[in-house]
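Working notes, structure below.
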Amino acid sequence: MLLLLVPLSLSVSAQKRNLLTGGSPEDVIKESLIPLKDWKLFPRAGDVSGRARLLEENLEYRYTRLSATCFLDFVRNGNRTRYQDA
């Protein structure tokens, strides 16, 4: 009886799912991307204004304080809701 259920469960979990291919049309994605020649991962070493701009943009960011209980909730039981809602 157990041997009959295993192939059935494998066929159900092997259904084709297009999670990444059906979301956005190609033209919408192209509009949201900048040209490759203009893209820079980090400011160049001599670009002091670029580094200063990055620092100023993130200067006011405040991290949410999380208690040890929030961290341990996920470790103990896998529940992330208290951690994510903080």
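The values are calculated or read from the model by the stated rules, or taken from the named source; none is laboratory data. Predicted model only: the values in this text are computed from it and were never measured. Because the Cβ atoms are built from the backbone with ideal geometry, glycine has one as well, and the counts that use them run over all protein chains shown.
In segment 50-77, which residues are aliphatic (A, V, I, L, M) and in contact with a Phe, Trp or Tyr (Cβ under 9 Å, 6 or more places away or on another chain)?
If the condition is that a residue be aliphatic (A, V, I, L, M) and in contact with a Phe, Trp or Tyr (Cβ under 9 Å, 6 or more places away or on another chain), then LEU54, LEU66 are the ones that fit.
Okay, residues lined up against (1) among the β-branched types (Val, Ile, Thr); (2) at pLDDT 80 or above; (3) surrounded by 10 or more Cβ atoms within 10 Å (Cβ to Cβ):
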| position | (1), (2), (3) |
| --- | --- |
| LEU2 | no, no, no |
| LEU8 | no, no, no |
| SER11 | no, no, no |
| GLU31 | no, yes, no |
| PHE42 | no, no, no |
| ARG53 | no, yes, yes |
| ARG65 | no, yes, no |
